[in-house]
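Q: Take a look at this one; I'll ask things after.
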Amino acid sequence: MFTGLFSYIDQIIPFTAAEKAILESAFTFRQVPKKFKLSEEGKIAREMYFVVKGLVRLYYTKDGGEITGFIFKENLFASSYDSFLRQTPGIQTLETLEDCDLLVISHNGLNELYERLPKMQVLARKVAELRFINVQLILSSFILDSPEERYRKFEAQHGDLLLRVPHHLIASYLGITPVSMSRIRKRNTSK
């Protein structure tokens, strides 16, 4: 259950066996069904999740529609980070796209972990840096790339999600209509 988490952490900063035992005691394991809302717009996100198995979608609502902001897959931390970190009502919803196995830590639990394991602050900073870089790349792609280029990059980096996620949600993430994405896919397969 903790293999993925420890593998992820070990790539960033090594933890001793004793430190890993403290980590294990701080997280709880939870199984949730598909279409389960982990956090909702307008409410405070009280938990952060490490995805052991499954997919979690972060989305915004606007004019009655949903706009996908990110799709978290296995071995990623997921949360409505703004709400979680500031403990204020969020502007995002976090929902499972598949049945999920999650490692869960509360906001208070994470703060206690920072006190007990100073390495956690280094890990949190590194994870935040990776998230910042990822957001920067997504923003740059929206500014610099055509919809077709955004699709090709998504396919190259996250092609597995094309088989697991409804295409209208991916189109939303890429900032294009499902019809446009269908045309782009058709052009790419005919090349």
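Each reported figure results from applying straightforward, stated rules to the coordinates on display, with no laboratory input. Not measured: the values here are computed from a predicted model. Neighbour counts are summed over all protein chains in view; Cβ atoms, including those assigned to glycine, are modelled from backbone coordinates with ideal geometry.
Q: Spelling out what I want: for every residue of region 45-52, take phi, set θ = phi - 60°, compute 6.51 cos²θ - 1.76 cosθ + 1.60 (Karplus), and round to whole Hz; glycine and proline get x.
A: The phi angles translate into 7, 9, 9, 10, 10, 10, 7, 7 Hz.
Q: If I model a spin label as a point 7 Å beyond the Cα along the Cα-Cβ vector, how far apart are those points for residue 31 and residue 158 in nm?
A: With each label placed 7 Å out from Cα toward Cβ, I get 2.7 nm.
Q: Can you give the helix-only mean residue ellipticity at 222 nm for the chain, where every DSSP H stretch with n ≥ 4 adds -39500 (n - 2.57) and the sum goes over all residues, rounded to the nearest 500 deg cm²/dmol?
A: -15500 deg cm²/dmol
Q: Ok, one more. Could you tell me the relative contact order of the chain? Use alpha-carbon pairs under 8 Å, at least six residues apart, and round to a whole percent.
A: Rounded, it is 23 percent for the chain.
Q: To the nearest Å, what is the center-to-center distance of region 124-173 and region 1-75, using C-alpha atoms only?
A: 18
Q: Additional query: With springs only between Cα atoms under 10 Å apart, run a GNM on the chain and tell me which of 52, 179, 165 wobbles the most.
A: 179
Q: Mind checking the alpha-carbon convex hull of region 12-87 and giving the volume per residue in Å³?
A: Per residue, the Cα convex hull of region 12-87 comes to 120 Å³.
Q: Once you put a point 7 Å from the Cα of residue 143 and another 7 Å from the Cα of residue 108, both along the Cβ direction, what distance in nm separates them?
A: Taking the two extended label points, one gets 4.2 nm.
Q: Past 20 Å, Cα to Cα, is the threshold; run 73/153; 20/126; 53/186; 37/153 against it and keep the listed order.
A: From the list (73/153; 20/126; 53/186; 37/153), the Cα-Cα distance tops 20 Å for 53/186; 37/153.
Q: Pull up all non-local amide H partners of residue 44: gap of 5 or more, or a different chain, and H-to-H distance under 5 Å with H placed in the peptide plane.
A: The list, which skips near neighbours in sequence, is 90.
Q: Please work out the ratio of the alpha-carbon Rg of region 145-191 to 2.2 N^0.38 Å and round it to two decimals.
A: So region 145-191 has a normalised radius of gyration of 1.01.
Q: Only Lys, Arg, Asp and Glu count, each charged at its Cβ (+1, +1, -1, -1), so figure out the dipole size of region 25-76 about its Cα centre, rounded to 20 debye.
A: Roughly 200 debye for region 25-76.
Q: Give me a comma-separated list of calculated 3J(HN,Hα) values for region 7-14, in order, Karplus coefficients 6.51, -1.76, 1.60 applied at θ = phi - 60°, integers in Hz, x for any Gly or Pro.
A: Coupling constants for region 7-14: 4, 4, 5, 4, 6, 9, 7, x Hz.
Q: Using the Cα centre of the chain as the reference point, and only Cβ charges (+1 on K/R, -1 on D/E), how large is the resulting charge dipole? Debye, rounded to the nearest 20.
A: 520
Q: For semi-axes √(5λ) of the Cα gyration tensor in Å, the listed values are [x] 35, 19, 13; [y] 29, 19, 14; [z] 31, 18, 16; which was obtained by calculation from the structure presented?
A: [z]
Q: OK, next. Among 94, 118, 180, whose Cα lies farthest out toward the positive end of the dipole of the chain, if unit charges sit on the beta carbon of Lys, Arg (+1) and Asp, Glu (-1)?
A: 180
Q: Using θ = phi - 60° and the Karplus curve 6.51 cos²θ - 1.76 cosθ + 1.60, what whole-Hz ³J(HN,Hα) does each residue of region 159-172 get, with Gly and Pro shown as x?
A: x, 4, 6, 5, 8, 10, 10, x, 5, 5, 6, 5, 4, 4
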